[in-house]
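Okay, structure first, notes after.
Here, each number is a calculation from the coordinates, and none is a lab measurement. Here the structure is a predicted model, which is why all the values come from computation and not from measurement. Virtual Cβ from ideal backbone geometry, glycine too; neighbours counted across all protein chains shown.
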Amino acid sequence: MTRLAIISDLHGNLPALEAVLADIQKQGIAEIYHLGDLVGYNPFPNETVGLVRERGLTGLTGNYDRAVSDSGPEAIATYLNPKISPMALDIYHWTLAEVTADTRAYLAALPEQLTLKVDNWQILLTHGSPRHIREYVRPHLADKTLKEILTGVKAQIVLTGHTHIPLVRNLNGQWLINPGSVGFPKDGDPRASYAILELGQTLGITIQRVAYDLERTAQAIVARGLPQQAAETLRRGRR
């Protein structure tokens with residue numbers, strides 16, 4: 001049996017990433033993959049990317065990563081929400097100014113999708129949906145809609161992020177899994193979230209929640225000039 005840890009949507013939250021990596025080590029899991037969005041929202045973009053690089057984690061770019069690495073006036077319309085709120089726009093511009101050239105180059109070099117073959121399992125890693133990096137695969141979507149999104153995908157397991165909300169669905173034998181967000185959960189639980197996959201004759205899936213020093217991040221949000229409301233949102237787990 002092979003065990004994998006899947007993390008996503010770190011969003012510049014270094015304390016959350018540190019806690020999750022410590023928990024993964026405690027679980028005795030050596031293989032870790034990330035689904036992108038390493039920066040944005042939180043005050044430690046360069047430090048978070050630095051830790052990902054230091055640990056040699058394999059993974060993807062996310063839509064926010066693309067908006068930062070490509071930048072330019074068209075980046076918001078292409079990769080973020082064209083109707084982005086004033087606060088979110090302020091955070092985006094703060095992130096653009098904060099990231100180093102080295103961080104930006106690293107984000108730009110990350111792929112949008114990866115395919116793994118683990119034992120007899122084929123796994124597709126994508127940030128949004130297999131169709132587009134910005135498309136949300138939301139938990140409330142009907143099976144019919146999810147099957148349309150997965151049209152043409154042969155992988156038995158599809159790993160997706162972007163929504164910041166955990167999801168485990170079996171669609172006629174094809175698994176769709178979202179590990180939730182390490183750095184900015186949106187399901188009402190402010191703890192960091194990741195997934196553990198146990199790949200053998202059958203598939204074991206655990207959504208793991210990890211408490212971390214949230215106040216370290218919340219206080220740094222304000223200290224580094226990001227909006228106070230962003231800290232309150234983090235404390236609530238968005239909902």
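General remarks:
- Quarter of the Cα convex hull surface for the stretch 121-176, i.e. its orientation-mean projected area (nm²): 3.4
- In sequence order, the stretch 134-141 has phi-based couplings of 9, 6, 7, 9, 7, x, 7, 5 Hz under the Karplus curve 6.51 cos²θ - 1.76 cosθ + 1.60, θ = phi - 60°, and Gly or Pro positions carry x.
- Amide H contacts of N178 (H built 1.01 Å from N, in plane; Pro and chain starts excluded): T160, L167, V168 sit under 5 Å, all sequence-distant by 5 or more or on other chains.
- Net length gained if the chain between D119 and Q229 were fully extended (0.36 nm per residue, minus Cα distance): 35.0 nm
- Whole-percent pair-distance distribution, where bins are 5 Å wide, for the alpha carbons of the stretch 129-239: 2, 11, 20, 19, 16, 13, 8, 6, 4, 1, 0
- Axial C-alpha extent at least 24 Å, average Kyte-Doolittle at least 1.0 - helices from the chain (DSSP): none
- Gain on full stretching of the segment that runs from A22 to H140 - 0.36 nm per residue minus C-alpha separation: 39.3 nm
- Between L17, L141, L226, the GNM of the chain built on Cα springs shorter than 10 angstrom shows L141 fluctuating the most.
- Amide H to amide H distances under 5 Å link S8 with L35, V182, where only residues 5 or more positions off or on other chains count and H is placed in the peptide plane.
- Beta bridges by DSSP in the chain, antiparallel share as percent, to the nearest 5: 65
- Reported to the nearest whole Å, the Cα centre-to-centre distance from the stretch 188-239 to the stretch 1-38 is 12.
- Cα point-scatterer Debye curve for the stretch 1-140, base-10 log of I(q)/I(0) at q = 0.08, 0.21 Å⁻¹: -0.22, -1.35
- Residue-count net charge about L80 - beta-carbon cut-off 15 Å; Lys, Arg +1, Asp, Glu -1: -4
- Residues K117, K147 in ascending order of nearby Cβ atoms (within 10 Å, fewest first): K117, K147.
- Counting DSSP beta bridges with both ends in the stretch 85-182, the antiparallel % (nearest 5): 65
- At q = 0.16 Å⁻¹, base-10 log of I(q)/I(0) for the chain (Debye sum, equal scatterers on each alpha carbon): -1.13
- The P(r) of the stretch 22-72 has a tail past 13 Å containing 64 percent of all C-alpha pairs.
- Other residues whose C-beta falls under 12 angstrom from the C-beta of H127 contribute a net charge of -2, scoring Lys and Arg +1 and Asp and Glu -1.
- Net charge over other residues, Cβ less than 13 angstrom from the Cβ of G12 (K, R count +1; D, E count -1): -4
- DSSP bridge orientation in the stretch 1-129 - percent antiparallel, rounded to nearest 5: 50
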